[in-house]
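**Student:** Sharing a structure here in structure tokens format.
The values are calculated or read from the model by the stated rules, or taken from the named source; none is laboratory data. These numbers were taken from a predicted model, which means no experiment stands behind them. Because the Cβ atoms are built from the backbone with ideal geometry, glycine has one as well, and the counts that use them run over all protein chains shown. Accessible surface is based on the protein model in full, side chains and every heavy atom, while ligands, DNA and RNA are left aside. Shrake-Rupley method; radii C 1.70, N 1.55, O 1.52, S 1.80 Å.
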Amino acid sequence: MSEKKSERREALFYSQKNGYDLIDEKEKKLCYEYAEEYKDFLDNSRTERETINYAIKLAEKRGFVPYVRGMELRPGTKIYKANRGKALILAVIGSKPLDEGINIAAAHVDVPRLDLKQVPMYEDTELCYFKTHYYGGIRKYQWVAIPLALHGVVALKNGTVVDIVIGKDKNDPVFVITDLLPHLASEQNKKPLSEAITGEGLNLLIGSVPDPEEGSDRVKLAVMSLLNEKYGITEEDFLSAELSAVPALDTRDLGIDRSLIGGYGHDDRVCCFAALKAILALKKPSRTAVCVLADKEEIGSEGVSGMKSEAFDCFIEDLCDSQGVALRHCFENSLCISADVCNGFDPNYPDVSEKRNAAKINYGMAICKYTGSRGKSGSNDASAEFVGRLRRIFEENGVIWQMAELGKVDQGGGGTVAMFMAQRNIETIDAGVPVLSMHSPFETVAKLDCYMTYKGMLSVFKEK
Ligand code: MN
Ligand code: MN
């Protein structure tokens, strides 16, 4: 092949390079340093409430203050507003007026898990259990025979809220959902994966010692007594509790080269952290920057803390009011990165993805022009012009990125918060970190992709 010919190929063909062939040692160091901070964030974010609390702590250190209606807002003012402890909006006021639009990154803080039912506690054959009802899309067989921790709150009638965290500390006990031994599993083995473990069968083992007092449910009585001693709660208080069983697994470096991170909740806390770190790095942006950490994405963005909620509109309207700007005029000129993960191509399961269009590990931030299923149904499908604009932004800012598609045509699919932002007349696109084993108790991401997603968010926040 002549040299001229290969130059022509270079000029005409679209080719992707592994991110490690594009970064130098200095940037590799930045990727790995960023990963250390992210691991810390993830380890302290097992529920949406914990994520929001940790995010507020980081934001306050960087000069963000709680938004109070009517407060003076100047270019460079950094504010945040928490929504009932389960969602958060942060903003840095820009120098341009709000009717010229704002730059938004919206990620979600909720993660698939096993929520306790409202009447969860029972005893069977002198063992005590909690009943659970799973939240979000889980593969049930992945949740048995692994250590689980209990995180959440119990709201008492008098208005106080009791925080409960059991299983996070190394000295804490953990919990488990038992699985069948292979010796007796021949019938279960014949069932499809989706049926072998049932939702109603996901019962958490929480104790085994009977109370000395004679009568029924002696183990339950003993366990309830311990809970009462430590937290001052009774069984009735579970009625107004939000308690979740989550994997009791630490976030760990993964691989001999430590290039990957294994942990629970990368979807979507890895994008929460990227968007959060990016807005914390801003000083005086041209356009107002807004970072949304929304709840309830995994169950359709419903509820008062989900992206469908007008809590978002209410906050932005407050900002608009301070400048005499109509909310709708602000939205019309705004842009939004729906900061969410996508599936990375997995060589163990090549059949579900189409290689030319699948996101690859270490190839950078992944942009999904569309998601959805069965002919892009339920998808935002961003415009060509918006993708073109992003190409320019990323090129100018040295962001390594790739185009991505969620699986083969008609293989399945999914949605994000993107369509709910687009409904508000905000130009929106999905972008985030490729993940392996998404929605499992131990997901995998690459450090390079995490850092590039942060860099991508920052470049969008700085867009004039
Ligand atoms: Mn998800
Ligand atoms: Mn997600």
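**Student:** Per 0.36 nm of contour for each residue apart, how much would the distance between Glu396 and Asp172 grow if the chain were fully extended, relative to their Cα-Cα spacing?
**Tutor:** 75.7 nm
**Student:** What full-extension length gain, to one decimal in nm, is calculated for Asn18 and Glu126 as 0.36 nm per residue of separation minus the Cα-Cα distance?
**Tutor:** Going from the current span to full extension adds 33.3 nm.
**Student:** Report the number of Lys pairs in region 114-261 whose alpha-carbons are under 29 Å apart, with separation of 8 or more residues or on distinct chains.
**Tutor:** So the count of such lysine pairs works out to 29.
**Student:** Next question. Pull out the extension gain between Val65 and Arg258, defined as 0.36 nm times the separation in residues minus the alpha carbon to alpha carbon distance; nm, one decimal.
**Tutor:** 65.8 nm
**Student:** Right, next: Could you name the aspartates and glutamates in cross-link range of Lys29, using Cα to Cα under 14 Å and dropping any fewer than eight places away on the same chain?
**Tutor:** Excluding near neighbours in sequence, the set is Glu37, Asp257, Asp449.
**Student:** Restricting things to alpha carbons, tell me how big the chain is in terms of Rg and Dmax, in Å.
**Tutor:** In order Rg, Dmax, the Cα atoms of the chain give 23.7, 91 Å.
**Student:** Between Arg328 and Lys96, what FRET efficiency follows from the Cβ-Cβ distance if R0 is 22 Å, with the result rounded to 0.05?
**Tutor:** Efficiency, from the Cβ-Cβ distance: 0.80.
**Student:** With the crude spin-label approximation of a point 7 Å out along Cα→Cβ, what separation in nm comes out for Tyr370 versus Ile164?
**Tutor:** Each label point lies 7 Å from its Cα, and together they span 4.6 nm.
**Student:** What do the square roots of 5 times the Cα gyration tensor eigenvalues come to for region 113-247, in whole Å, largest first, as semi-axes of the equivalent ellipsoid?
**Tutor:** One finds semi-axes of 27, 18, 13 Å for region 113-247.
**Student:** Further, regarding this structure: What whole number of Å gives the distance from the Cα centroid of region 53-90 to the Cα centroid of region 322-353?
**Tutor:** Taking the Cα centre of region 53-90 as reference, the centre of region 322-353 is 22 Å away.
**Student:** Residue by residue, what Karplus-based ³J(HN,Hα) values in Hz, rounded to whole numbers, does region 216-233 have, using 6.51, -1.76 and 1.60 with θ = phi - 60° and x for Gly and Pro?
**Tutor:** Coupling constants for region 216-233: 7, 6, 6, 5, 4, 4, 5, 5, 5, 5, 4, 5, 5, 4, 7, 10, x, 10 Hz.
**Student:** Then there's this: Tell me, what is the per residue accessible area of the chain in Å², probe radius 1.4 Å?
**Tutor:** Counting only protein heavy atoms, the per-residue value for the chain is 48 Å².
**Student:** Let me ask you something else. Treat each spin label as a single point 7 Å out from the Cα along the C-beta direction, and report the Glu354 to Ser194 distance in nm.
**Tutor:** 2.3
**Student:** Let me ask another. On a C-alpha basis, how far is the centre of region 394-416 from the centre of region 269-296 in Å? Whole number, if you could?
**Tutor:** The two parts, judged by their Cα centres, are 20 Å apart.
**Student:** Any chance you could check the Cα centroid distance between region 431-464 and region 369-386 for me, in angstrom?
**Tutor:** So the separation of the two Cα centres works out to 19 Å.
**Student:** Just to be sure I understand the model, the point goes 7 Å from the Cα along the line to the Cβ. What's the resulting Asp381 to Gln423 distance in nm?
**Tutor:** 1.8
**Student:** Out of the total accessible area of the chain (probe 1.4 Å, heavy atoms of protein only), what percent is carbon and sulfur?
**Tutor:** Roughly 50 percent of what the probe reaches on the chain is carbon or sulfur.
**Student:** Tell me, what HN-Hα J-couplings in whole Hz come from the Karplus equation 6.51 cos²θ - 1.76 cosθ + 1.60 at θ = phi - 60° for each residue of region 25-31, using x for Gly and Pro?
**Tutor:** Karplus values, whole Hz, x for Gly and Pro: 4, 5, 6, 4, 4, 4, 4.
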